[in-house]
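**Q** Provided herewith is a single structure, encoded as structure tokens, for subsequent inquiry.
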Amino acid sequence: MMEEVATVIRSGNDGWVTVEVKVKNACNHCDNNESCGTSAVSKAFSPKVQRFSVPSNEQYKAGELLKLGLPESVILKAAAIVYLLPLVGLFIGAVFGQLFMPLLDVAASDGLTIGFALLGATAAWRVGRRWAKVLEQNSQPVIIARLGRGLV
């Protein structure tokens, strides 16, 4: 299970707790981050905090620290949807183009094959977006532990 520490922002009586997680990136852990272009872009454009609501049966005070957990299977599924699905669509589109161009009485060319490949990748990417939304709705982080108050 992937774990992250979150700060309680608001706890309502509706069974949901609003939390804030500080987003970490790998660029802050390198000795070359002073002269690295990737680090500068990451610091400029990445969000510093992320807020979302988590279901809860307990009441928490603002400022309390909670340990949240998300199963690794959710992370792996999301990575497969984002990276592998468009790649598979690219290859299927290219094969489809190569197989069906002679049936359509179109002269086989690399340009048309590339066009079919891009069409396949785009279609797979659109399907992946829908699957990612469903995955996001069905996979909520869970509260693992109450860590107490944060240091001020």
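**Q** If LYS61 passes every condition in (1) open to solvent by less than 60 Å² (accessible area, probe 1.4 Å); (2) closer than 30 Å to TRP16 by Cα but one, which one does it miss?
**A** Failed condition: (1).
**Q** A further question on this structure: Can you find a residue in segment 95-107 that is under 30 Å from TRP16 (Cβ atoms), crowded, with 17+ Cβ neighbours inside 10 Å and over 19 Å from the mean Cα position of the chain (by Cα)? Give the steps one after another, and end with the answer.
**A** Just the residues of segment 95-107 that are under 30 Å from TRP16 (Cβ atoms), to begin with: none.
So far as segment 95-107 goes, no, none of its residues is under 30 Å from TRP16 (Cβ atoms), crowded, with 17+ Cβ neighbours inside 10 Å and over 19 Å from the mean Cα position of the chain (by Cα).
**Q** Something else: Under 7 Å between Cβ atoms, which residue pairs at least 6 apart in sequence (or on different chains) link something in segment 121-137 that is within 14 Å of ALA80 (Cβ to Cβ) with a partner that is open to solvent by 100 Å² or more (accessible area, probe 1.4 Å) and part of a helix (DSSP H, G or I)?
**A** LEU135/LYS77
**Q** A follow-up question, please. Of all residues in segment 39-88, which are small (Gly, Ala, Ser), modelled with pLDDT of 85 or more and in contact with a helix residue (DSSP H, G or I) (Cβ under 8 Å, 6 or more places away or on another chain)?
**A** Scanning segment 39-88 gives a single hit, ALA78.
Rundown of residues vs (1) of a type in the set (Phe, Trp, Tyr); (2) under 17 Å from the mean Cα position of the chain (by Cα); (3) exposed (fewer than 13 other Cβ atoms within 10 Å of the Cβ), yes/no style:
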| site | (1), (2), (3) |
| --- | --- |
| LEU68 | no, yes, no |
| SER73 | no, yes, yes |
| LEU84 | no, yes, yes |
| GLY93 | no, no, no |
| ASP110 | no, no, yes |
| THR113 | no, no, no |
| GLY128 | no, yes, no |
| ALA132 | no, yes, no |
| SER139 | no, yes, no |
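The values are calculated or read from the model by the stated rules, or taken from the named source; none is laboratory data. Just so it is clear, the structure is predicted and the values come from calculations on it, not from any experiment. Cβ: placed from backbone, ideal geometry, glycine included. Neighbour counts: every protein chain shown. What goes into the accessible areas is simple: the full protein's heavy atoms, side chains included, and nothing from ligands, DNA or RNA. Shrake-Rupley method; radii C 1.70, N 1.55, O 1.52, S 1.80 Å.
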